[in-house]
Amino acid sequence: MKVSNLLGKAKGSALLLLGTASVVVSMDANAIPVFARQTGFKCVACHVGGMFPQLTSLGRMFKLTGYTRGNRPNLDGLEVQNDYPPVAIMVQGAKQYYNNTSHSVNGNAPSSSADLQVVSLFAGGKITDNFGAFMQWTGQKYANLQSGSQVGYNAAAIDNTEFRYADRTVTPSSDLILGAYINNRAMMSDVWNNFGAWESGWINYFNAGNAQAPTTYLMGESSQHAAVGVGGYFFKNKTWYGELAVYKSPTHGPFSVLTAGATSVGNTGVTSLLEPSPYFRFAYNKEWGANSFEAGVHGMMSYVYGTPLFGTSNSQPGGPVSAYHDIGLDAQYQYVLDPHYFAAHARVTRELMNNTPGVANWQGLIAQNATDNLTETYMDATYVYEAKYGAQLSYASATGSSDTGLYAMGVNGAGSPTGSPNWTSWTPNIFWQPYQNLRIGYMYTYYTQMGGVNSGNGLVFNAAKFSPQNFNTSMLYVGFIY
């Protein structure tokens, strides 16, 4: 895309988005979401530079202690002008561009229209002194096309939802937090923003069909919200963290409400964990002055059935179609001291897949190999000045064994798929937050490798040839939370 064309389109969409922003900020500029109203803290206290969802040390402690810090208003005695109910709303609007929109390469994703793409409703906070909740419901316009933290639904569904119980004991020589939770997403418990649920690049963009990068089962967005997990954790002296949980897809009963809208009988886009699947995480945390550092190990063994059987009488088939064994390393560094805020994250997750050749997996794909491996790498760095002006650069890659049944995008000289899962992309993102609950930004995703193809016109669709750069995506966006 020529720079002049891009700037012309960006100018028009900027006027539209800034017009929307002016309406939004005419509301109470001091209005902030559920937890801020409960604690009385400003966004920058718990989020790095006020940029949700990245948590500061205080934000991590708030979550680890069960969302209970602060005062909860008495719901049967609210004063309309002084108290707020424990609810919030988040909306995302954007204008998006693709380098190539021909030959149905991008499916039915928005090509260059300004849309209100995502709406999320939140509720939660302190329920008792030791018990709290975080609840989210999300509706999106473009079902199953989204790259980000709410992918894999139809039109609307329950999103990240968790109930926590925690108890903290502080003595002159010890600080110990013990807790337990029930949630609907592995890694939702993450407080260091290293995993998909809370990765710092929270803005969701749409790259449909052939532009979806391979991902491990644990990190894959489509595998989430279709299972319920029960876990426990400890945090000792703000240094040592340990967590164990077990996830399973409910077929009936009260916990099935935690997968409402995210599961349906026969939907191959939804996973089924009909056997208990264990998840673990252990980490070392160090805090000094304005700095903090974390390094950890994470993993999950997932036993996945190809056809969801929610609500059917045959809910226990003979064995898993696929088993995914994931293990990885993760790290975070933060510097938080106004006016400078900086955070960096890194994660590497390696997966061993045990497939059933000839049988469709939960994605409707038929693996050609009995075993495959995939390694996913993600890194990002974010700088924010005065909690208003920020920039971020993220890097993502996937490498692994070739399987033409699972990865059909890469094309060799004969025009047949190589089956390579190798992808690489870079995403710079600049943003401005004039108010704590409003963010305006521009991001651009640049692909340097797709399906094992690095350059040239080695990708073939509908007899047309493309390079990885033909799938580059840019987006001007507004995010608002109230």
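The values are calculated or read from the model by the stated rules, or taken from the named source; none is laboratory data. Small disclaimer: the values here were computed from a predicted structure and weren't measured. Quick reminder, even Gly has a Cβ in these numbers, built from the backbone with ideal geometry, and neighbours come from all protein chains shown.
Listing for the model above:
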read-out	value
Selection within the range 341-378 - touching a helix residue (DSSP H, G or I) at 6+ places or on another chain (Cβ under 9 Å) and assigned to a strand (DSSP E or B)	341, 342, 343
Hey, residue 398 over 30 Å from residue 325 (Cα atoms) and either within 22 Å of the chain's Cα centre (by Cα) or touching a residue at least 60 places away in the same chain (Cβ under 8 Å) (or both) or not	no
Flag if residue 425 is of a type in the set (Gly, Ala, Ser) and touching a Phe, Trp or Tyr at 6+ places or on another chain (Cβ under 6 Å)	yes
Unmet requirement for residue 163, which otherwise passes all of (1) of a type outside the set (Lys, Arg); (2) surrounded by fewer than 23 Cβ atoms within 10 Å (Cβ to Cβ); (3) touching a strand residue (DSSP E or B) at 6+ places or on another chain (Cβ under 8 Å); (4) modelled with pLDDT under 90	(4)
Exclusive hit being farther than 19 Å from residue 50 by Cβ, of a type in the set (D, E, K, R), out of contact with any Ser or Thr (no Cβ under 8 Å at 6 or more places or on another chain) and surrounded by 21 or more Cβ atoms within 10 Å (Cβ to Cβ), set 403, 372	403
Of residues in the range 39-77 being modelled with pLDDT under 85 and assigned to a helix (DSSP H, G or I), the one surrounded by the fewest Cβ atoms within 10 Å (Cβ to Cβ)	76
